[in-house]
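The structure appears below as structure tokens.
Values in this text are rule-based calculations from the coordinates and carry no lab data. All values derive from a computational prediction rather than experimental measurement. As a convention, Cβ positions derive from the backbone with ideal geometry for all residues, glycine included, and neighbour counts pool all protein chains shown.
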Amino acid sequence: MESGRFLADCRGIVLNSFYELEPVYIDYFNREFGLKAWCVGPLCMSYPRVTAPKTKWVQWLDHRQAIQRPVLYVAFGTQAEISSPQLKQIAIGLEQSGVDFLWVIRWKEAELGEGFEERVMERGVVVREWVDQSEILSKKVSWGS
């Protein structure tokens, strides 16, 4: 919603695109929003990895990889607005599922239910900080479905 409000106040938008898609983007933003669209790219957003100390969640993923345990990766990104009751229901589902999981939550103060993290600590990790999603997805673990 916040992105939509910003779009209403701007005169144009720069888009990561490729040649075949540019006419579609330009037409859409002109027609729907009255915005000038500048297409650039395609831009590759990858960058060389910097060796940094391994966080607890990276160590946990490495261990899951070593023991060949599949992991369910749960992340809603920065755009999704997940309410507190929804977060608690997701927590209940993860706890009852019995699967190993890595759950990235952007709200540090999010309440997942009393004792949730302690009850699932043998098979689940809740991360309340920014993560490098490409690092997570590059791990050679079997991702749950």
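From least to most packed, judged by other beta carbons within 10 angstrom and beginning with the fewest, W38, W130 follow the order W130, W38. One chain, two ends: S3 and D27. Fully extended at 0.36 nm per residue, the span grows by 6.7 nm beyond their Cα-Cα distance. Once the Cα-Cα distance is subtracted from the 0.36 nm per residue extended length, the A75 to H63 segment shows a gain of 2.3 nm. Between V99 and S83, the modelled label-to-label distance comes to 2.5 nm, taking each label 7 Å out from Cα in the direction of the beta carbon.
Calculation over all alpha carbon pairs of region 56-138 in 10 angstrom steps from 0 returns a P(r) of 16, 54, 28, 2 percent. Cross-link partners of K54 among aspartates and glutamates, defined as those whose alpha carbon lies under 16 angstrom from its own and excluding same-chain residues fewer than eight positions apart: D62, E129, D132, E135. Distance between the modelled labels on E129 and C10, one decimal in nanometres: 3.0 nm (7 Å Cα→Cβ projection). Annotation: amide H-H contacts under 5 Å for W38 (H modelled 1.01 Å from N, sequence separation of 5 or more, or interchain): I13, V14, L15.
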